[in-house]
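S.K.: My questions all concern the structure below.
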Amino acid sequence: MSQHSVSEEHVEKPDISQPVQPCVRQLIQQIKQLHSGLRDCDPVQYSSTLSQALKSVPMSHSRTLRGHCAAVYACAWSSDSQRLASVGMDNNLIVWNPLKNSKLQVLPIQQPYTMSVRFAPDSSILAYGGLDCSVYLSNSTTPLYSHQGYVSCVNFLSSNKLVSTSADKTALVFDTQKNVLEPVFAKHFKDVMNVDVLNVNEFATASCDGFVRIFDLRSQQQVQIFSTLHADANCVKFHPNKQQVGVCTSANKALLFDRRTEHLLVQYQPEVQKSYLKQLQELKSLAFSKSGRIMFACGEANVYAFDVLFGTFLGAVGEHETQVTCVEVSPDGNALASASWDTLVKIWA
């Protein structure tokens, strides 16, 4: 694609004697037209000159982790890919050795419905949160801090900074070393469902308001925004190359945005045999392979795979008995974990 910028000389200067709002709309429309004119190549067409499309994903069911007695809502890998944590509706946080299919630790927790869990960067501790609106660390039963709505997702920016999203329409950043909330309140118009971390300063949030927003702690404000085309944004993940952002939506689609051009590059949609699923199915969670070539997403009871470059559907990796809530690729790229309401965590490799 051409690398151009929109210069001032290409934008017609509005008449300042006119009302402000029509002038703003006119400028926005001109900028959109200029951006569209710079898109001189389709990403999929360009990809065909670099590589061949994938035909399938050589993955199969490897292990089933049994231990929860109610729906499992989230799972997370340790940084060394040797451990996997899972939480759900049974008041237990379980740490597994997925290679040996065994439990390493069962941590009873007080809240009845835990929606998210994450290892710290050094894997020494876990953070989790859920319907009681609070964020906890695994070494304490006392809440670290609280939201005004349920906690939908937690993640670590660094070993001493946490970011969490909530139904209170915000994302909060907490410094565990100073024991204070950072002066950053990432706001949406509806429930914020997910957060992904790019580095120690930048994170992205996905919300039911249909927007993905990227925030920077250094400027303490939003630096980018992407629209999910009139659908809820259920999950957001940075691509391994750090230049694209993947989003799965309530419209049974996954989207890939480019951060440099701020354009939608590719849309992905699973091919389902049951026609009603095309309209009713939501994609709940997504993850990229370590190389970034494959995107995994879950909808209803299935785990799907897509060719990121060509936008093609590669098929279902596998399935659970009921709703799959979370998919996570191990940091070493050798395995995929899926959590489900059927009380199971499955490993695919």
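Where a number appears in this text, it was derived from the coordinates with a stated rule and is not lab data. If you're wondering where the values come from, they're calculated on a predicted model, not measured in any experiment. Cβ sites come from the backbone with ideal geometry, for glycine too, and all protein chains shown count toward neighbours.
S.K.: How far, in nm, would the chain grow between Val180 and Lys242 when pulled straight, counting 0.36 nm per residue and subtracting the alpha carbon separation?
M.R.: In short, 19.4 nm is gained.
S.K.: Also: Given a 10 angstrom Cα cut-off, can you work out which residue in Thr141, Thr249, Thr312 is the most mobile in a GNM of the chain?
M.R.: Of the options given, Thr141 has the highest mean-square fluctuation.
S.K.: Can you list the residues, at least 5 places off or on another chain, whose amide H is less than 5 Å from the amide H of Gln224, using H built in the peptide plane?
M.R.: Ile214
S.K.: Something else about it: Given only helices, namely DSSP H runs of n ≥ 4 each adding -39500 (n - 2.57), what is the per-residue ellipticity at 222 nm of the chain, to the nearest 500 deg cm²/dmol?
M.R.: For the chain, the value works out to -2500 deg cm²/dmol.
S.K.: Between Gln105 and Ser140, what is 0.36 nm times their sequence separation minus the Cα-Cα distance? Round to one decimal in nm.
M.R.: Taking Gln105 through Ser140 to full extension adds about 11.1 nm, to one decimal.
S.K.: With each label point set 7 Å from Cα along the Cα-Cβ vector, what nm distance links Thr64 and Gln29?
M.R.: 5.9 nm
S.K.: At 0.890 mPa s and 25 °C, plugging the Kirkwood radius over alpha-carbon pairs of the range 103-209 into Stokes-Einstein gives what diffusion coefficient in µm²/s?
M.R.: Estimated diffusion coefficient is 179 µm²/s.
S.K.: Once all Cα-Cα distances of the chain are split into 10 Å bins that start at 0, what whole-number percent is in each one?
M.R.: Pairs per bin, as whole percents: 5, 24, 33, 23, 10, 4, 1, 0.
S.K.: If you don't mind, there's one more thing I want to ask. What size of dipole, in debye to the nearest 20, comes out for the chain about its Cα centre when the only charges are +1 on Lys and Arg C-beta atoms and -1 on Asp and Glu C-beta atoms?
M.R.: I would put it at about 500 debye.
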